[in-house]
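Student: Next up is a structure, given as C-alpha cells.
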Amino acid sequence: MHISEGYLSGPVLLSGAALTAIGTAVGLKRLDYDQIAQGGILASAFFVASLVHVPIGPSNAHLIMNGIIGLLLGWAAFPVILVALLLQAVFFQFGGITTLGVNGLIMAGPAVIVAYVFGPWIGRSGWVGTAAAFASGAGAIALAAIVMAASLFFTDEKFMAVAGTAIVVHLPIMGIEGVITAFCVGFLKKVKPEMLSG
Amino acid sequence: MEEVFAEGSSAVHRTDPALRVVAATAYSFTVALMDSLTGVLAALIFSILLVIVARLPAGPLFRRLTAAGGLLLLLWLVLPWSYPGDALLRFGPLTLSRQGVWIALIITCKTLTILMGFVVLVASMHLSTLGHTLHRIGVPSKLVQLLLLAYRYIFVIEHEYQRLSRAAKIRNFRPTTNLHTYQTYAYMVGMLFVRATERARRVHQAMRCRGFNGRFHSLDSYAPTPWNFVLAIAMALVIALLAYLEHLG
C-alpha cells in the first residue's frame, strides 16, 4: 500500500518524512548490531511476501503483512519497512524519494501501534490469542488505509472522494490480512514461539 | 526482479552516484511541490531528455510507467467526477468538473516526470552502490547495513518462496477464494519468516567470525569525470528554471 509521487502537498510530505524519521531513529536505537542480520533478512522476507498474490473472488491482491512485522519487531519495524520500501522504489518504482516518509508512516506506524495494542495478547492460547492476531493483521491495514486517506485529505479537502475510495478498496484486504495473520501467528507459535516474544 | 536500468555506459551512468542521489532528491521535491501546468510540462520535457541521454532500455521503462498507470486510472475514474468546480460535461447525475480534470492532469504529469527522473538518476545504479552512496552522504550506518543485507537476501528468500510454492503445487494446491487457500499461504509466509530468522542467525555468526565491527567496506570507486560538472550544472539550472516558472504561476 503506497502513494505514488506527485499526489501530495509539501506540508503532508514533510510531516510524513518527519514522523518516519523519528520512528526510524527510535527503531535503529533499539536494534543493536547483533540484530542487524535479523532485521535485514526480515526486510527481504517482508519484501518477498509483498510479491505473493492471493485470490479474492475473480481478482487477486498482494499480501502486505505489516501487522506481523510489527508483532515480530516492534519499533524496529520502522527501519525494516523503510528499507523494504526503498527496495520497492528502486526495483519497481512503487513510490519514490519524496513519498518515502509518508509511505513509511502508512506501513510502519500501524505496525508499531498493533504491536503495542494487541502484542500483549498474542501469547494467550485459545481464541483470545487468535482474535488478537486477527486484529493485528486487520487493524494494521485499517490504520494504514486511514493514514493514506488522511494524507490525501490534508493535501486537498476536495480529494475526499478519492480518499474514501482508497479506504473502501482496502476493506476486503483487511479481512484477508486478518485471516492470514491469525493463521501465520498460530503457525509461528507452534514452530518457533521465541520469534513472537520479541 | 532485475536491475535492468543499472547496466549502461551513458554519461549519466558514469557520474558520481552521490551527485545523482542528491540531484534526484532535489529534482523530485521541486517537481512534487509545483502546481502550474507550464512548469510541470517543462519538467516533463526535461525528464524525457534525461531518459534519452541515459539511453535506458525502452521496453522495461514503458512497463514501469504503465505500472504507475493503475493508480492514475483510479484517480481519473474518481477525481474529475467528484471534485467541485465548473461543469464541463454532464452524464445524468455525474458532472465532470473542469478543475478536477485540470488537477488530475497535473498529478499525472508530475507522477510521470518524477518517476522518469528517479529511474534515470537512481535506478541507474546497483543497489550495492546506492547503499554505499547513502552512507557517504550521511545516512546512519545501521540503516545502510539493513539495506545492503536486505538487498543481498531478497534473491535468496525469493528462491525459498519458489521452493515452498513448488512443493505446494506438487501436492495439488490450487488457490481459490477459501479458508484453506488463505491458511496455506499463511503457512508459506510463516515458513518464510522462520527460514529468514534461521538464516539470519547463521549470517550473524559468519559476520562475527569475520570480525564485523559495524561497518561494511566498499571497493567501488568512481573516477572524477567532467560529466559530474555537467550534470550538477544542468540540474541546478533546471531546478532554478522550474522554481521561476512556478513563481510566474
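Values in this text are rule-based calculations from the coordinates and carry no lab data. Remember, predicted model here, so these are calculated numbers, not experimental data. Neighbour counts run over all protein chains shown; Cβ positions are idealised from the backbone, glycine included.
Student: Among the candidates A:141, A:167, which residue alone is hydrophobic (A, V, I, L, M, F, W, C), part of a helix (DSSP H, G or I) and surrounded by 21 or more Cβ atoms within 10 Å (Cβ to Cβ)? Spell out how you get there, then give the answer.
Tutor: Working: A:167 fails: surrounded by 21 or more Cβ atoms within 10 Å (Cβ to Cβ).
Unique residue meeting the criteria: A:141.
Student: Would you pick out the residues in the stretch A:67-119 that are away from chain B (no Cβ under 11 Å) and assigned to a loop (DSSP other than H, G, I, E, B)?
Tutor: A:118
Student: If a residue must be assigned to a helix (DSSP H, G or I) and surrounded by 15 or more Cβ atoms within 10 Å (Cβ to Cβ), how many such residues does the stretch B:210-236 contain? Reasoning before the result, please.
Tutor: Our first condition is that a residue be assigned to a helix (DSSP H, G or I); within the stretch B:210-236, this holds for B:226-236.
When the remaining residues are screened for being surrounded by 15 or more Cβ atoms within 10 Å (Cβ to Cβ), the result is B:227-228, B:231-232, B:234-235.
Count: 6.
Residue-wise test of (1) closer than 26 Å to residue B:33 by Cα; (2) surrounded by fewer than 17 Cβ atoms within 10 Å (Cβ to Cβ).
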position	(1), (2)
A:7	yes, no
A:13	yes, no
A:18	yes, yes
A:35	no, no
A:43	no, no
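Student: Would you tally the residues in the stretch B:132-153 being within 8 Å of another protein chain (Cβ to nearest Cβ) and either among the charged types (D, E, K, R) or over 18 Å from residue B:204 (Cβ atoms) (or both)?
Tutor: Narrowing the stretch B:132-153 to residues within 8 Å of another protein chain (Cβ to nearest Cβ): B:140, B:142-143, B:145-153.
Now drop any that are not either among the charged types (D, E, K, R) or over 18 Å from residue B:204 (Cβ atoms) (or both), which leaves B:140, B:142, B:152.
Count: 3.
Student: Let me ask you something else. Name the single residue, out of those in the stretch B:113-131 being within 30 Å of residue B:85 (Cβ to Cβ) and within 8 Å of chain A (Cβ to nearest Cβ), that is nearest to the chain's Cα centre (by Cα).
Tutor: Selected residue: B:115.
Student: Which one of B:37, B:61, B:96, B:19 is facing chain A (nearest Cβ under 10 Å) and not hydroxyl-bearing (Ser, Thr, Tyr)? Step through it out loud before you land on a result.
Tutor: Values: B:37 fails: facing chain A (nearest Cβ under 10 Å); B:96 fails: facing chain A (nearest Cβ under 10 Å); B:19 fails: facing chain A (nearest Cβ under 10 Å).
The unique qualifying residue is B:61.
Student: Assuming residue B:196 fulfils every condition listed in (1) in contact (Cβ under 8 Å) with a residue 40 or more places away in the chain; (2) under 30 Å from residue A:182 (Cβ atoms); (3) not in a helix (DSSP H, G or I) apart from one, which condition is it?
Tutor: So the condition that residue B:196 fails would be (3).
Student: Same structure again: Restricting to the stretch A:2-23, name every residue that is farther than 13 Å from residue A:96 by Cα and not in a helix (DSSP H, G or I).
Tutor: A:9 - this is the single residue of the stretch A:2-23 that is farther than 13 Å from residue A:96 by Cα and not in a helix (DSSP H, G or I).
Yes or no, residue by residue, for (1) acidic (Asp, Glu); (2) surrounded by 11 or more Cβ atoms within 10 Å (Cβ to Cβ); (3) more than 30 Å from residue A:73 (Cα to Cα):
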| residue | (1), (2), (3) |
| --- | --- |
| B:172 | no, no, yes |
| B:178 | no, no, no |
| B:183 | no, yes, no |
| B:186 | no, yes, no |
| B:191 | no, yes, no |
| B:201 | no, yes, no |
| B:208 | no, yes, no |
| B:238 | no, yes, yes |
| B:247 | no, no, yes |
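Student: A follow-up question, please. Among (1) more than 8 Å from every other protein chain (Cβ to nearest Cβ); (2) within 21 Å of residue B:184 (Cβ to Cβ), where does residue A:184 come up short?
Tutor: Every listed condition holds for residue A:184 apart from (1).
Student: Filter the stretch A:144-157 down to the residues that are part of a helix (DSSP H, G or I) and touching a residue at least 12 places away in the same chain (Cβ under 8 Å) and list them by number.
Tutor: A:144, A:145, A:146, A:147, A:148, A:149, A:150, A:151, A:152, A:154, A:155
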